[in-house]
Each structure stands twice: as C-alpha cells, then as structure tokens.
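K.L.:
Please see the structure below; I have some questions.
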Amino acid sequence: MAEVSSDESGKRRRRAVPATSTKAPSRVRMSAAQRREQLIAIGRQIFAERGFDATSIEEVASRAKVSKPVVYEHFGGKEGLYAVVVDREVRSLLDRITTALTAGHPRELLEQAALALLGYIEEETSGFRVLVRESPVLSATGNFSSVMNDVAHQVEHILGAEFSSRGYDAKLAELYAQALVGMVALTGRWWLEVRKPRKETVAAHLVNLSWNGLSHLEAKPGLTTTRVR
C-alpha cells in the first residue's frame with residue numbers, strides 16, 4: 001500500500017505504508033493427555049445423545065476438529081472410547097454412593113443412597129444417559145445393571161445385620177436388597193426425564209414406600225437426614 005502526501009513545493013509524492021497482517025494467530029496445540037480428555041468428553045456427550053450404535057468416529061473427530069486417525073490412535077476405535085467413558089461413569093457413580101453411606105440407622109442409609117443416585121442423575125445427566133443405554137459391546141460388568149448390583153451387595157450387608165438382630169432370616173437380605181435398589185434405580189430412570197418433583201421429595205417418597213410399606217404410608221413423608229445432598 002502507498003500513502004499520498006505533498007512536499008513544500010506542492011509536488012505530490014507516494015510513501016510506502018507497511019501492510020496490516022491478516023494472518024490468524026496459530027492455534028495452541030494440545031498435549032496427548034489433553035487431547036485424550038477432550039475426546040472422552042466429546043464421546044461421552046455423543047454417546048448420551050445418540051447411543052452407541054448411532055455414534056460414529058467421524059462425528060467425534062469432527063467435533064474435536066481432528067482427523068479420524070487421531071481418535072483411533074488414542075482408543076483403537078469406537079468400542080475403546082465407549083469402554084473408557086462407561087468405566088469412568090461406573091466408578092464415579094459407585095464412589096458417590098459409597099461416600100454417601102455414612103449414617104448408622106438403616107433408614108438414613110436408604111435416604112443417603114437414594115439422594116446420592118438422584119444427585120448423580122441431576123448433576124451428571126449425560127453420564128447417567130450413557131449408563132442406562134444398553135450396548136452389545138459391553139459385558140455384564142460394564143453397564144447400569146452391574147453398577148446397581150454392586151450397590152445392592154453393599155445394601156445386602158447392611159440388611160443382613162439388621163435382619164439377624166431382629167430375628168429375621170438373614171438369607172433373605174439379598175432379595176430385599178435387590179428389590180430396594182431396583183426400585184430406586186427404576187425411579188431414577190423415570191425422574192431423569194420428568195425432573196419433578198425435586199430430588200429430595202422423590203427420595204422421601206421412595207424411603208416412605210420401602211420403609212413403611214403400602215399399608216403404613218405417611219401422608220407427607222420427609223427426610224430424617226440432617227444434611228441433604
């Protein structure tokens with residue numbers, strides 16, 4: 001570019017002006033670990049939206065703005081990415097529920113377990129959607145049912161001790177544990193879509209049914225735990 005100016009004699013002359021650079025700033029490159037975490041987060045979201053079968057490596061790569069070979073390099077394929085996503089969600093949910101079980105009274109333990117599951121659904125909705133979608137590539141150890149079985153085994157130990165102290169058949173603790181956890185889990189899947197009433201109310205009614213039974217339901221149940229999660 002040139003700029004026109006005049007000297008003292010009035011003659012016009014041209015003076016060169018440096019051109020403004022239009023080159024875009026270079027994009028910051030991710031480390032391998034950062035890229036892996038990005039792909040896991042994107043895969044988690046797409047698996048939650050579409051399920052395993054409808055998800056493609058092409059879409060994962062497109063959202064991450066990388067080529068398909070980059071995804072294959074990190075996970076070997078869609079199955080590998082899915083397995084990593086599910087494994088993280090399984091551990092996250094189990095850790096949340098295990099950490100929540102701190103009370104000494106069985107009713108409060110049930111409240112804490114219900115609130116922990118509902119809290120996970122509320123705060124990690126995409127992760128929960130991934131877990132509840134069944135996939136043919138996973139074994140019995142990598143889905144929502146397996147997570148609930150692990151929780152049921154923890155509840156079974158609690159119920160077993162309670163049954164023994166009250167003179168009930170401790171062998172039935174497993175049956176009751178599966179029934180209780182199954183009720184909470186299925187209600188959680190329903191609540192995932194409706195989100196009403198609030199989670200504390202849902203937990204209170206679940207405990208009301210499981211603790212009091214249909215013949216002794218409270219009209220307006222509430223939680224006995226002092227700290228609501």
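The values are calculated or read from the model by the stated rules, or taken from the named source; none is laboratory data. Note that the structure is a prediction, hence the values are computed from the model and not measured. Because the Cβ atoms are built from the backbone with ideal geometry, glycine has one as well, and the counts that use them run over all protein chains shown. The accessibility values were calculated without ligands, DNA or RNA, using every heavy atom of the protein model including side chains. Shrake-Rupley method; radii C 1.70, N 1.55, O 1.52, S 1.80 Å.
K.L.:
As I understand it, the dipole of segment 45-120 uses +1 on the Cβ of Lys and Arg and -1 on the Cβ of Asp and Glu, about the Cα centre. Which of Leu94, Val66, Leu110 lies farthest toward its positive end?
P.N.:
Result: Val66, furthest along the dipole toward the positive end.
K.L.:
Which order do the peptides 111-123, 178-190 come out in when sorted by mean C-beta neighbours inside 10 angstrom, highest first?
P.N.:
In decreasing order of mean packing, 111-123, 178-190 become 111-123, 178-190.
K.L.:
Mind checking the per residue accessible area of segment 58-157 for me, 1.4 Å probe, whole number of Å²? Display every interim value, and only then the final one.
P.N.:
On the way: 4460 Å² over 100 residues.
Spelled out: the 1.4 Å probe surface of segment 58-157, per residue, equals 45 Å².
K.L.:
While we're here: Counting only Cα, what are the radius of gyration and maximum Cα-Cα distance Dmax of segment 122-222, in Å?
P.N.:
Using the Cα atoms of segment 122-222, the pair Rg, Dmax is 15.6, 45 Å.
K.L.:
Report the extension gain between Ala219 and Gln178 in nm, rounded to one decimal, defined as 0.36 nm multiplied by the number of residues separating them, less their alpha carbon distance.
P.N.:
Full extension from Ala219 to Gln178 adds 12.2 nm.
K.L.:
Then there's this: Using only the alpha carbon atoms of segment 77-127, find the Kirkwood hydrodynamic radius as the inverse mean reciprocal pair distance, in angstroms to one decimal.
P.N.:
12.0
K.L.:
Can you compute 3J(HN,Hα) from phi for each residue in segment 91-99, using the Karplus curve 6.51 cos²θ - 1.76 cosθ + 1.60 with θ = phi - 60°, rounded to whole Hz and x for Gly and Pro?
P.N.:
5, 5, 5, 5, 4, 5, 5, 4, 5
K.L.:
Separate question: For segment 50-196, restrict the atom set to alpha-carbon positions and state the Rg and Dmax in Å.
P.N.:
Calculated on Cα positions, Rg and Dmax stand at 18.3, 64 Å.
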